[in-house]
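Let me begin by presenting the structure, written as structure tokens, before commenting on it.
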Amino acid sequence: MSTLNDYSRFAHMLANGGTLDGERIIGRKTVDLLAMNHLQPEQVPTFNWEHLKGYGYGLGVRTMVNPALAGSNSSIGEFGWMGMAGTYVMIDPKEQLSAVYMHQLLPNFETYTQPRLRNVIYGAL
């Protein structure tokens, strides 16, 4: 368990390549490995949830590989994860941007809420 503030700081540390408040927490190459697409071509057809169009999968995180397919204005390499009840984390090292969104709702409406949230955030840049 943790707080929203701690969770946001963790996401921001990843968006900053492993540093937070001027301190190295984890290596930049570790963040790169985490966010790298690890799906093999034969796995891609089964990674087919509507809200994950355009994404591959890294080490426990979705990772943007095709913004056009996703209908997204995000960066290639944007990554993050979501929770069953609707929590959503988005991390973009290229923009040094992170966002944490939390709601507790079942069904979680992730196919509706999360792509729109992502596009609104990027639309503000």
Original post:
When all protein chains stay in place, what accessible area (Å², nearest 10, 1.4 Å probe) is found for H12?
Top reply: 70 Å²
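How many Å² of accessible area per residue for the chain, probe 1.4 Å?
That works out to 59 Å² for each residue.
Can you compute the equivalent ellipsoid semi-axes for region 3-54, i.e. the square root of 5 times each eigenvalue of the Cα gyration tensor, sorted largest first and rounded to whole Å?
Numbers: eigenvalues 166, 46, 8 Å².
Equivalent-ellipsoid dimensions as semi-axes: 29, 15, 6 Å.
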Original post:
Considering the chain as a Gaussian network with a 10 Å cut-off on Cα pairs, which listed residue, I25, I91, I76, attains the greatest mean-square fluctuation?
Top reply: I25
Subject >> the chain, accessible surface, carbon-and-sulfur percent (1.4 angstrom probe) >> reply: 59 percent
Subject >> Cα Rg, Dmax, region 60-125, angstrom units >> reply: 11.4, 33
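What does the charge dipole of region 1-73 about its Cα centre add up to, to the nearest 20 debye, if the Cβ of each Lys and Arg holds +1 and the Cβ of each Asp and Glu holds -1? All intermediate terms of the calculation are to be shown ahead of the outcome.
Numbers: 6 positive and 6 negative charges, 20 e Å.
The dipole magnitude comes to about 100 debye.
In whole percent, what relative contact order does the chain give with Cα contacts below 8 Å and a gap of six or more residues?
It comes to 22 percent, rounded to a whole number.
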**OP:** On the full set of protein chains, 1.4 Å probe, figure out the accessible area of M36 and give it in Å² to the nearest 10.
**Re:** 100 Å²
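Normalised by the residues of region 9-68, what does the relative contact order come to in percent, with Cα pairs under 8 Å and at least six apart?
On the way: 65 pairs, mean separation 15.6, N = 60.
Result for region 9-68 is 26 percent.
Subtract the Cα-Cα distance of I26 and T3 from 0.36 nm times their separation in residues, and report this length gain in nm to one decimal.
On the way: separation 23, 0.36 × 23 = 8.28 nm, distance 2.05 nm.
Extra length from I26 to T3 when fully extended: 6.2 nm.
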Original post:
Counting only the heavy atoms of the protein chains, how much of E23 is accessible to a 1.4 Å probe, in Å² to the nearest 10?
Top reply: 110 Å²
**OP:** Quick one: pull the percentage of alpha-carbon pairs in the chain with a separation above 19 Å.
**Re:** 47 percent
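The values are calculated or read from the model by the stated rules, or taken from the named source; none is laboratory data. Worth saying up front: this structure is predicted, and the values here are computed from it rather than measured. Counting neighbours? That spans all protein chains shown, and the Cβs are built from the backbone with ideal geometry, glycine included. Heads up: the accessible areas ignore ligands, DNA and RNA and are worked out on the full protein's heavy atoms, side chains in. Shrake-Rupley method; radii C 1.70, N 1.55, O 1.52, S 1.80 Å.
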